[in-house]
Amino acid sequence: MKKYSVITLLLLSLFSCKTVEKQEVLNKQKPNILFIMTDDHALAAISAYKGFLSEVAPTPNIDKIANDGMRFNNMFCTNSICGPSRASILTGKYAHVNGFFKNEGGGDFDSSQQTFPKILQNNGYETAVIGKWHLGSAPTGFDYYKVLFNKEGQGSYFDPVFEVTGDSIVEETGKFSTTVIKEDAINWLKNRKDSTKPFMLMYQFKAPHRPWEPGPGYEDYLSDVTLPYPATFNDDYKGRKAAKDAWMKIDGHMNRKDVKIKPPSGLTEDELIAWNSYGNNDGEFWTPDENMTDQERKNWKYQHYVKDYLRVVKAVDDAIGEMLNHLEASGLAENTIIIYTSDQGFYLGEHGWFDKRFMYEESMHMPLLIKYPKKIKAGSVNNDLILNIDYAPTLLSLAGIEAPKDMQGKSFVPVLENRTKKPFRDAVYYHYYEYPYWHNVQPHYGIRTDRYKLIHYYYDMNEWELFDLEKDPNETTNLYDNPENKNLIGKLKIRLEELKKENKMDISMEELKKMTDIRIDRRYRVEPAN
């Protein structure tokens with residue numbers, strides 16, 4: 001009996017070792033995932049998209065991901081604001097379903113709910129998030145995290161403060177956030193606790209979010225260049241009341257800090273805040289030079305703003321280059337899915353604006369570039385309608401894991417593998433809720449097909465907009481009141497109602513307005529705890 005027990009133990013031990021070895025082999029076969037995300041990165045500021053800034057401000061390292069993989073031309077966010085887009089990426093669900101549908105007054109992300117990092121972690125992945133988080137609650141589903149904490153989760157370009165695994169606070173005094181995030185991400189890869197596991201790293205920058213403060217060595221980039229202007233720079237907003245009323249105009253709503261006007265000496269802390277922020281609200285007029293004409297002043301502010309924006313983008317592009325070099329040098333590149341995206345787009349002077357929020361193309365579009373040699377042909381380009389809720393099921397599918405049925409997005413792996421015989425989607429649904437803070441943008445929802453876009457503004461107004469994106473890609477001509485479009489509008493409204501129902505948004509107008517009116521505090525402390 002004793003002899004039998006020893007043999008049994010030996011057999012069990014051998015079986016256990018074989019099981020561990022088999023699991024290690026399976027883990028090594030699973031792809032690593034590097035999810036790179038910036039904040040507010042417009043397609044026009046990525047040279048792979050060949051926009052109006054591509055020649056003057058190239059992004060060679062980001063472009064390399066596109067050149068070695070696939071560029072998506074129609075990747076959209078479902079709500080163009082930082083936190084809600086990030087929550088949708090994590091959960092594979094619309095913002096109103098995962099509960100985080102606005103930054104301002106919407107409370108914190110419910111970190112107990114299902115996310116794709118949690119599912120990957122439960123299926124043998126080592127997971128980490130480094131950089132911007134901006135969801136209030138501490139990250140869950142990660143073996144390691146170091147996320148920006150000060151400035152209510154926005155973080156700062158200089159002297160950033162991070163929350164680290166275990167809710168400890170780290171102040172990176174004298175440092176630049178892009179550099180800290182770059183170094184921490186590469187160091188995490190070099191010093192992983194268990195290199196037998198595949199990894200999933202969310203590598204997330206603050207840049208190029210406002211206030212666009214260039215780091216060391218980037219202050220003079222483009223200083224001798226006059227940037228080109230977008231085609232709609234002097235838009236008159238004819239036929240678009242919500243656009244006319246928004247507080248996003250470069251000339252009318254940028255503050256002094258945005259364009260780095262030096263404040264007078266001797267101001268108290270409160271006076272300095274007020275001086276820097278002057279210009280945010282309608283009617284707060286200021287000029288760098290009383291002798292400037294209206295057009296000269298607008299041009300001056302544009303040149304200063306966009307150059308700083310492109311300077312912080314340049315720093316990110318260089319950081320991404322270092323990461324790509326590390327993956328190559330360490331032998332990880334071949335089996336790593338590399339994704340480059342941003343939480344939404346941004347206006348770089350289009351419509352005379354900065355910021356995002358609207359369902360217009362520059363704001364709604366997210367960049368998406370993916371490299372994965374095992375499945376994606378280098379230099380591929382795709383025009384399917386893809387949404388940020390599709391990230392979660394897609395990444396799970398690439399990892400060989402079935403996505404939960406309650407995820408609203410769907411895997412676009414067949415698109416990556418060029419196996420689709422029909423369009424991935426016929427239309428997408430969009431919804432924005434915040435109002436009036438920050439930029440007085442009316443809450444609205446809408447539908448976008450491959451050609452048309454129909455938008456409804458519903459809070460303080462009842463306005464509709466219709467655009468033919470084929471004939472009017474800049475969205476300057478509202479066709480809604482043209483009687484010739486009656487049948488088209490009818491069809492789009494039917495499909496819009498179907499999408500609302502499919503996506504659990506078939507609720508009353510009163511309920512929609514209540515969602516905008518909700519005011520719940522965020523967890524973030526303005527200053528780090530002692």
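The values are calculated or read from the model by the stated rules, or taken from the named source; none is laboratory data. The structure displayed is predicted, hence computed values, not measured ones. Cβ sites come from the backbone with ideal geometry, for glycine too, and all protein chains shown count toward neighbours. Just the protein is used for accessible areas: all its heavy atoms, side chains included, with ligands, DNA and RNA removed. Shrake-Rupley method; radii C 1.70, N 1.55, O 1.52, S 1.80 Å.
Report relative contact order for the chain in percent, whole number only (criteria: Cα-Cα under 8 Å, sequence separation at least 6).
Across the chain, relative contact order equals 24 percent.
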MET461 versus GLU284: modelled label distance in nm, points set 7 Å from Cα along the beta carbon direction: 2.2 nm
In what sequence, highest mean first, do 324-337, 356-369 appear when ranked by Cβ atoms within 10 angstrom? 356-369, 324-337
GLN29 paired with LEU488, simple spin-label distance in nm, labels 7 Å along Cα-to-beta-carbon: 5.1 nm
Computed from the beta carbon distance with a Förster radius of 22 Å, FRET efficiency for ALA274 and ARG523 to the nearest 0.05 stands at 0.25
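Sum up the charges of everything whose Cβ sits under 13 Å from the Cβ of ASP517, counting Lys and Arg as +1 and Asp and Glu as -1, but leave ASP517 out. Numbers along the way, then the final one.
Numbers: positive: LYS102, LYS513, LYS514, ARG519; negative: GLU104, GLU434, ASP460, GLU510, GLU511.
Every neighbour counted, the sum reads -1.
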Set the Förster distance to 60 Å, then compute FRET efficiency between LYS238 and ALA378 from the Cβ-Cβ distance, nearest 0.05. 0.85
Extension gain (nm, one decimal) between SER137 and ASN73, 0.36 nm per residue minus Cα-Cα: 19.8 nm
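Once Rh is set to the Kirkwood radius over Cα pairs, what Stokes-Einstein translational diffusion coefficient, in µm²/s, holds for segment 363-508 at a temperature of 20 °C and a viscosity of 1.002 mPa s?
Numbers: Rh = 17.4 Å.
Translational D for this selection: 123 µm²/s.
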Using only alpha carbon pairs under 8 Å that are at least six residues apart, calculate the relative contact order of segment 417-461 and give it in whole percent. 30 percent
Per residue, how much accessible area does segment 428-530 have with a 1.4 Å probe, in Å²? 55 Å²
At 15 angstrom or more along the helix axis (alpha-carbon based) and mean Kyte-Doolittle of -0.5 or higher, what helices does the chain contain? Whole DSSP H runs only. 2-29, 177-190
Ranked from highest to lowest mean number of other Cβ atoms within 10 Å per residue, what is the order of the peptides 51-57, 443-449? 443-449, 51-57
Hey, got the dipole for segment 108-226? About the Cα centre, +1 on K and R Cβ, -1 on D and E Cβ, debye to the nearest 20? 440 debye
If the chain between ASP472 and LYS151 were fully extended at 0.36 nm per residue, the gain over the current Cα-Cα distance would be 111.6 nm
For segment 30-91: accessible area per residue (Å², 1.4 Å): 20 Å²
Cβ charges +1 (Lys, Arg) and -1 (Asp, Glu), total dipole of segment 368-527, debye: 900 debye
Segment 124-161 and segment 266-340 have their Cα centres apart by a whole-number Å value of 21 Å
For segment 187-238 versus segment 435-496, the gap between their alpha-carbon centres in whole angstrom: 31 Å
How are the alpha carbon pair distances in segment 218-341 distributed across 10 Å bins from zero to the largest one, expressed in percent? 10, 29, 28, 18, 11, 3
Please report, as a whole percent, how much of the solvent-accessible surface of the chain comes from carbon and sulfur atoms (probe radius 1.4 Å). 50 percent
If I model a spin label at SER265 and ASN191 as a point 7 Å from the Cα along the Cα→Cβ vector, what separation in nanometres do I get? 4.3 nm
Over segment 216-337, average the accessible area per residue using a 1.4 Å probe and give it in Å², no decimals. 51 Å²
Computed curve, segment 104-244, Cα-only Debye sum without solvent term, log₁₀ I(q)/I(0) at 0.15, 0.20 Å⁻¹, is -0.85, -1.17
